[in-house]
Every structure is written in structure tokens, then in C-alpha cells.
Amino acid sequence: MPASKYKPLSDLMDLLMDAVCIVDTDGRFVYLSAASDHIFGYSAAEMLGKPMLDLIHPEDRERTEAMARQINEGQPMNGFENRYIRKDGSVAHVRWSARWSEADQVRIAVAHDITGRKREESVQKALYQISEAAHTADDLAGLYRLTHGIIAGLLPADNFFIALYDESNDEVSFPYFVDEYDEQPAPMSLNSEALCAEVIRTGCSLLLTAEATERDVGRVVIGTNSLDWLGVPLKNQQQTIGALVVQTYAGDIHYNDADKELLQFVSTQVASAMLRKQLHARLLYAAGHDALTGLANRALFQDRLQGIMARVRREHARFALLYIDLDNFKDVNDEHGHGVGDQLLQEVARRLRSCIRESDTIARFGGDEFVVLLDSIVLSNHASNVARKIDAALTVPFDLNGQQLQIRPSIGVAVYPEHGDNETDLLRYADEAMYASKRRGG
């Protein structure tokens with residue numbers, strides 16, 4: 001139907017904040033009022049003659065077609081919501097009321113822009129989800145994954161990473177990095193020319209579009225050059241602790257100033273959630289580890305021992321305990337002071353770690369007593385082999401503050417189930433074996 005038929009009403013319709021749209025039987029726009037400009041991002045002239053479905057978000061096309069068929073069959077519709085892709089690539093959320101005109105063979109509809117409301121709802125939902133994630137995530141890695149998913153619900157985030165700044169080492173690291181082209185980068189200095197380092201240094205958000213990137217070729221992204229790049233600082237009060245970054249390589253996906261404001265707003269909650277999770281992790285670590293050596297303490301050791309005991313009973317497997325005492329350690333404290341003694345214990349802990357697998361556990365039981373939990377050994381002599389390895393490592397002289405110190409460990413070994421079928425008996429056997437070794441001179 002010719003658009004001229006509707007011109008006498010156009011001046012009045014153009015005053016409306018909502019857009020009046022008329023679509024023919026082929027689903028093509030034949031009339032749009034002036035409000036269509038700010039709702040869809042196209043002028044009325046650009047949209048005339050275009051199929052309606054070409055502008056609809058791909059995920060909403062099927063249900064929009066189904067609704068259009070119902071309207072064409074004479075069922076008026078009010079309150080239907082779908083999404084359109086604007087000319088600049090952003091998404092417009094629209095609520096429709098429409099009906100079919102049998103006489104004119106057209107569908108007449110009124111479009112109300114609800115993008116702002118949807119964005120506010122999405123932000124509030126995201127803030128709640130981030131707060132929940134801080135409590136439900138098992139660890140920081142889990143929180144990063146949840147954060148990625150939450151941000152992806154707000155804007156395109158297929159390529160997303162978190163950069164964190166460690167002031168003590170002057171190092172920017174990337175604990176979470178998801179990208180369709182590049183692998184997780186190595187840590188870098190804060191003075192790096194990378195865009196994420198610039199965001200952290202300045203504490204300011206940064207948006208680069210494809211056009212801006214072409215004009216400013218000096219800007220450095222990590223890895224493959226992206227078309228659009230958006231980074232916002234993660235701030236703890238006045239201190240910037242890192243950055244959130246999204247980037248896109250697709251020509252039909254773009255970021256704008258509204259996205260920058262949205263991500264910056266959300267980042268404040270993300271930073272708070274990360275700090276809460278970091279504090280929780282530090283408290284958990286402190287509760288289960290020795291403050292001096294960083295080894296497991298007695299409580300964490302008991303917890304792991306009980307877990308392994310339950311498993312090996314089900315699987316009819318073996319494990320072993322090594323009880324270690326440093327001979328004449330008291331003499332080191334008396335002759336050289338407790339400061340040197342503490343350094344010696346820290347160095348002993350480091351050497352012990354080098355002797356075992358990652359799946360094994362070392363605990364400091366107090367003073368100069370250590371216990372090693374060897375998980376899943378095959379033969380009993382495997383434990384003896386580890387004991388000899390530890391003995392060799394600890395008998396090498398220690399260079400502490402320019403002083404050469406020599407110690408000798410006494411080591412007792414207990415193997416499950418040969419030397420006990422419960423925690424108490426195994427620890428007692430290993431302890432007694434250690435003292436027997438000490439009486440023999442280590």
C-alpha cells in the first residue's frame with residue numbers, strides 16, 4: 001500500500017514518543033513515524049521497504065514470526081517484547097501493541113522503547129548475581145568464571161579477561177583470560193604499553209572502536225588486534241587493583257559509551273566481591289597453614305589424613321606417613337638465635353617440598369617436627385625411597401646469613417595397612433620409628 005495514503009496523519013504521529021509502524025502482507029515496512037529514528041537507529045527512509053525480520057535480533061525472529069501470524073489472523077496483541085539490532089550494532093528492546101487491518105491488508109503497530117528499563121533490570125540482576133557469586137564460588141577461579149557469565153548477560157563478552165595488579169611485585173597478571181585467538185599472557189610490568197596496564201595506571205575506563213584504533217596505531221592490545229576494545233578499572237575505594245576487559249573481533253559487534261558506563265558500574269561490585277573472596281581465601285589459608293613455613297598445620301593435616309584413610313579403605317590401596325625431627329635443632333637456636341632458627345625451618349620446608357609430589361602433603365606439627373603424607377604408594381619401599389631422598393636433601397649444608405649450618409634428620413616411616421589401620425596407630429608407629437632412628441643417630 002503506498003505510503004502517501006498515510007501522509008495526512010504523519011505530522012501528528014511524528015509528535016509521539018512511541019513509533020507508529022505499518023507492515024504489509026510481505027512483512028515489509030510501508031510507514032514509520034519519526035520516533036523510529038531513536039528507537040531503531042535508522043531513519044524512516046532507510047527502513048521503508050525493508051523486511052521487518054531483517055532488523056530483529058536473530059534469537060527473537062522465530063517467536064516474532066509466530067506472533068505476527070497470530071495478529072494477521074485477527075488476534076490483537078498488546079505487550080509483546082522483542083529485540084532489534086540498531087544501525088550501530090547495539091540492541092534495542094521494544095514492547096509492541098499491534099492489530100491487523102483487514103480492509104487495508106496491513107499490520108499496524110506501536111513500538112515503545114524499553115531499552116533503558118531492560119538495562120536497569122539487567123544491572124540490578126547482575127549486581128545481585130555478583131554478590132551471590134562472592135558467597136557461592138568455591139574459590140577465586142570460580143568467582144572469575146561466574147563474573148564472566150554475568151557480564152556476558154549484559155554485553156557481548158566472548159573475549160573477556162581480568163587483569164590484576166600486585167603492587168609488591170609491580171606486576172600485572174591475568175588470572176582469568178578467555179579469548180578466541182590468544183592464550184593467557186605472561187605477567188607484565190605496570191609500565192607496559194598494553195591497554196590494560198594503561199587502564200590500571202590511570203584508573204580510567206578506556207573504549208577503542210575500530211575507527212579509533214585505525215587512527216591511533218600506537219595503542220597496544222594483548223595478542224591479536226581487536227576491532228573494539230573496552231576496559232574498565234577495578235577499584236577498591238581509591239586504589240585500582242586491576243581491570244576488566246572485553247574485546248571483539250567481529251565487525252557486527254561494537255561497544256559504545258553506554259556499554260562503558262555499564263561495565264564501570266558493575267566493576268565496582270566485582271571488585272568488592274573479589275576482595276571479599278580474597279579475604280576469605282586468606283582466612284581459610286591461615287586457618288590451615290603454619291604461619292612461618294606455609295606448610296599445612298596439624299588441623300589441615302588431620303583433615304587430609306582422614307580423607308585419604310576413607311578412600312584407601314574403599315579402594316584397598318596404600319599410603320604412608322613420614323615423621324621427621326631435626327636433630328639438635330635446639331642448639332641452632334641457642335648458638336645463632338631464633339631468627340636463624342626460623343630461616344632454617346623455612347629452608348627445610350622448601351627442601352621438603354622438592355622431595356614430594358604435588359598430591360602429597362607436608363605438615364609442620366610444631367617446633368622442628370614435620371609429617372609427610374604420601375598419597376597412593378604402590379609398594380612399601382616407595383616410602384623408604386622418599387625418606388632417603390629427604391635425608392639426602394636435608395643433610396646438605398644450609399647457607400644462612402653467610403653461616404654454614406649442618407643438621408641431620410631422624411625419620412620414621414609408617415605404611416598403611418601394614419603398620420596400622422587407623423590414624424592414631426599410624427601416627428604413633430611413625431613417631432616411635434622416628435625416635436628409634438634418633439637413638440641410632442638419625
**Estimated Rh, the range 27-104: Kirkwood, alpha-carbon pairs, angstrom** = 13.1 Å
**Item:** Unit charges at the beta carbon, dipole of the range 95-144: most positive-side option, Gln124, Ile114, Thr136
**Value:** Ile114
**Structure-derived semi-axes √(5λ) of the Cα gyration tensor in Å - corresponding label in (1) 38, 22, 21; (2) 65, 21, 20; (3) 69, 25, 16** = (3)
**Request:** Would you be so kind as to identify which of Trp96, Cys204, Ala281 lies farthest towards the positive end of the dipole of the chain, taking Lys and Arg as +1 and Asp and Glu as -1 on Cβ and the Cα centre as origin?
**Result:** Ala281
**Asked** Size of the dipole of the chain about the Cα centre, Lys and Arg at +1 and Asp and Glu at -1 on the beta carbon, nothing else charged, in debye to 20?
**Response** 880 debye
**Complete:** Under the rule rounded for a/c under 1.5, else prolate if a/b exceeds b/c, else oblate, using alpha carbon gyration tensor axes a ≥ b ≥ c, the range 75-215 is classed as prolate
**Request:** Count charges around Asn328 for me, please; just the other residues with Cβ under 11 Å from its Cβ, Lys/Arg as +1, Asp/Glu as -1.
**Result:** -3
**Request:** State the Cα centre-to-centre distance between the range 12-75 and the range 314-352 in whole Å.
**Result:** 77 Å
**Prompt:** Nearest 20 debye, what's the magnitude of the dipole of the range 54-137 about its Cα centre given +1 on Lys and Arg Cβ and -1 on Asp and Glu Cβ?
**Reply:** 180 debye
**Prompt:** How large is ³J(HN,Hα), in whole Hz, for each residue of the range 106-114 in order, when computed from phi with the Karplus curve 6.51 cos²θ - 1.76 cosθ + 1.60 and θ = phi - 60°, using x for Gly and Pro?
**Reply:** 9, 9, 9, 9, 10, 9, 10, 6, 10
**Fill in**
The local net charge around Ala258, scoring Lys/Arg +1 and Asp/Glu -1 for residues other than Ala258 whose Cβ lies under 11 Å from its Cβ, equals -2
**Prompt:** Of Leu322, Ser359, Val332, which is farthest along the charge dipole of the range 302-367 in the positive direction, counting Lys and Arg as +1 and Asp and Glu as -1 at C-beta?
**Reply:** Ser359
**Item:** Local net charge near Thr361, Cβ-Cβ under 13 Å (Lys/Arg +1, Asp/Glu -1)
**Value:** 0
**Message:** Need the C-alpha centroid separation for the range 80-131 versus the range 387-411, integer Å.
**Reply:** 72 Å
**Item:** Set of lysines near Lys389 by C-alpha distance (under 25 Å), chain-local residues within fewer than 8 positions excluded
**Value:** Lys330, Lys438
**Message:** Given the -39500 (n - 2.57) contribution per DSSP H run of 4+ residues, what per-residue ellipticity at 222 nm results for the chain, rounded to the nearest 500 deg cm²/dmol?
**Reply:** -13000 deg cm²/dmol
**Prompt:** Taking the highest mean first, how do the peptides 316-327, 292-303, 245-256 order by number of other beta carbon atoms within 10 angstrom per residue?
**Reply:** 316-327, 245-256, 292-303
**Fill in**
Site Ala317, offset 7 angstrom along Cα→Cβ, radius 19 Å on amide nitrogen, limited to the range 387-418, gives 414-418
**Fill in**
Quick note, the range 1-137: a/c under 1.5 would make it rounded; otherwise a/b > b/c is prolate and the rest oblate (a ≥ b ≥ c, C-alpha gyration tensor); here it is prolate
**Item:** Relative contact order of the chain, pairs being alpha-carbon contacts under 8 Å that are 6 or more residues apart, as %
**Value:** 9 percent
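Specify whether the C-alpha gyration tensor of the range 137-236 places it in the rounded, prolate or oblate class, a ≥ b ≥ c being the square roots of the eigenvalues: rounded for a/c under 1.5, otherwise prolate if a/b is larger than b/c and oblate if not. Each step should come with its number before you reach the end.
Numbers: a/c = 1.66, a/b = 1.17, b/c = 1.42.
It comes out oblate by the Cα gyration axes.
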**Asked** If you put +1 on each Lys and Arg Cβ and -1 on each Asp and Glu Cβ, how big is the dipole of the range 247-315 around its Cα centre, in Debye rounded to 20?
**Response** 700 debye
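We did not get these values from a lab; they are worked out from the coordinates using the rules stated. All figures in this text were calculated on a predicted structure; none of them were measured in a lab. Using ideal geometry, Cβ is built from the backbone for each residue, glycine included, and neighbour counts are taken over all protein chains shown.
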